[in-house]
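Data block below; observations after.
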Amino acid sequence: MPDSIAPPEELQADDVAAIDELRSSYDQLRGELGKIIVGQESVIEQLSICLFARGHALLMGVPGLAKTLLVSRLAETMNLSFSRIQFTPDLMPMDITGTEILQDDGSGRRQFEFAKGPVFANIVLADEINRAPSKTQAAMLEAMQEHRVTVAGHSFTLDPPFFVLATQNPIEQEGTYPLPEAQLDRFMFMIGVEYPSRDEEIAIARSTTGAKLPTLEHILDAEKVMRFQELVRRVPVPDHIFHFAVDLVRRTRPDSEESPDWIQPYVGWGAGPRAVQYLILGARARAALLGSYMVRQEDVIAVAEPVLRHRVIKTFTAESEGVTCRSIIARLVEELSHEE
């Protein structure tokens, strides 16, 4: 347990036991994934935070970094249904949502019956989501935001838990349709998947070029995941943590009185209120996963980059000078932390 912090008085005894159970389950989950996935501990942590906070994640990384394998095995350890959608320029909305087909009911009469598409799964991997046209992205946006799809004027609810994990290739941009800011904002995290270290790459070569990959044990089921999602929202947050999250987000806005002078040349648009919500939810989920009974400032700092990196829009000046969103966020966090 981090720092041996005693449970706060407002936390019920059942919630204390549930947090301990969640941390134990999370440790088991990492252990199972470690049988196949080498390294990527921060990616696994951030994916888990998104899942238990009821958010969606956008993974940025070059091909070959085991993004698809990680997501499919994550679904396996949680005993959740999984589907993978390869986004292409000719992908239509009905290809992901499903469509109505004319069926014979056995008595000679025909009627339309809805055939569910691949979006009807607990964990959906949207591979190279920026390769699909805007209509298809709009259908995915409705599923992400409303947890339902609309086909031929009829709405169909997606079964919980529902988690969209999308990937983008940061290198090849030919034939892509950049995601609109409204859709980017629906992703709780943008997770950077980096190259493995030398030792990790050696371990990858050894483990993936030999015998068949092992089958993973089921750690969680849908019912437990939803129970833990409810638990995360009950983790106490001290008042100063709310102030810290709000101050951090407001400093990303170049026209805000709270923002430092150096922000304006580098940032065109800052993060909106949804960033504050995701900072708090992400911090709550991280605290619970690590067995803490209360959100701490370090939890907010840990989720600041994946929450803000796709919500801070750089200027041409920043691009020309090689200033990255990650460096902007890191500087803001450091300056604000020193003021606390």
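We did not get these values from a lab; they are worked out from the coordinates using the rules stated. Remember, it's a predicted structure, so these values are computed and weren't measured experimentally. Note that each Cβ is placed from the backbone with ideal geometry, even for glycine, and that neighbours are counted across all protein chains shown.
Please report ARG250, ARG73, ARG206 as a ranked list, fewest other C-beta atoms within 10 angstrom at the top and most at the bottom.
ARG206, ARG250, ARG73
Using only the alpha-carbon atoms, how far is helix 13-33 inclined from the longest principal axis of the chain? Give it as 0 to 90 degrees, nearest 10.
Around 70 degrees separate the two axes.
For SER256, what is the net charge nearby, where nearby means another residue's Cβ is under 15 Å from its Cβ and Lys, Arg count +1, Asp, Glu -1? Present the calculation step by step, with values, prior to reporting the outcome.
Values: positive: ARG250, ARG251, ARG253, ARG311; negative: ASP247, ASP255, GLU257, GLU258, ASP261, GLU335.
Summing Lys/Arg as +1 and Asp/Glu as -1 gives -2.
In bins 20 Å wide, starting from 0, what share of all Cα pairs of the chain does each bin hold, as a percent?
It works out to 28, 57, 14, 1, in whole percents.
Using helices alone, what [θ] at 222 nm do you get for the chain, with -39,500 (n - 2.57) per DSSP H run of 4 or more residues, divided over all residues and rounded to the nearest 500?
Details: 13 runs with 150 residues, N = 340.
Per the formula, -13500 deg cm²/dmol.
What does the net charge come to around ALA287 if you take all other residues with beta carbon closer than 9 Å to its beta carbon, with K and R at +1 and D and E at -1?
In short, +2.
Nearest 10 degrees is fine. How inclined is helix 41-52 to the longest principal axis of the chain, computing both from alpha carbons?
Long axis of 41-52 versus the principal axis of the chain: about 70 degrees.
Across the stretch 279-284, in residue order, what do the Karplus-derived ³J(HN,Hα) couplings come to in whole Hz, using 6.51 cos²θ - 1.76 cosθ + 1.60 with θ = phi - 60° and x for Gly and Pro?
The phi angles translate into 4, 5, 5, x, 5, 4 Hz.
Compute the distance from the alpha-carbon center of the stretch 75-105 to that of the stretch 33-56, in whole Å.
Measuring centre to centre over Cα atoms gives 24 Å.
Of VAL249, PHE189, ALA203, which is farthest towards the positive pole of the chain's charge dipole, taken about the Cα centre with +1 and -1 on the beta-carbons of Lys, Arg and Asp, Glu respectively?
Selected residue: ALA203.
Local charge sum around SER155 (other residues, Cβ-Cβ under 15 Å, Lys/Arg +1, Asp/Glu -1)?
-2
Considering only DSSP states other than H, G, I, E and B, which chymotrypsin sites (Phe, Trp or Tyr not before Pro) in the stretch 217-265 qualify as loop sites with at most 15 other Cβ atoms within 10 Å? Don't skip to the end; give the middle numbers.
Numbers: sites: PHE228, PHE242, PHE244, TRP262; in loops: TRP262.
Filter output for the stretch 217-265: TRP262.
For the pairs LYS35/LYS135; LYS116/LYS212; LYS35/LYS116; LYS135/LYS314; LYS35/LYS314, note any where the Cα-Cα span goes beyond 30 Å.
Violating the 30 Å Cα-Cα cut-off are LYS35/LYS135; LYS116/LYS212; LYS35/LYS116; LYS35/LYS314.
On C-alpha positions alone, give me the angle between the axis of helix 239-250 and the longest principal axis of the chain, in degrees, nearest 10.
Taking the Cα atoms of the chain, the angle to 239-250 is about 80 degrees.
Compute the projected area of the convex hull of the Cα atoms of the stretch 273-327, averaged over all viewing directions, and report it in nm² to one decimal place.
Mean projected area for the stretch 273-327: 4.2 nm², to one decimal.
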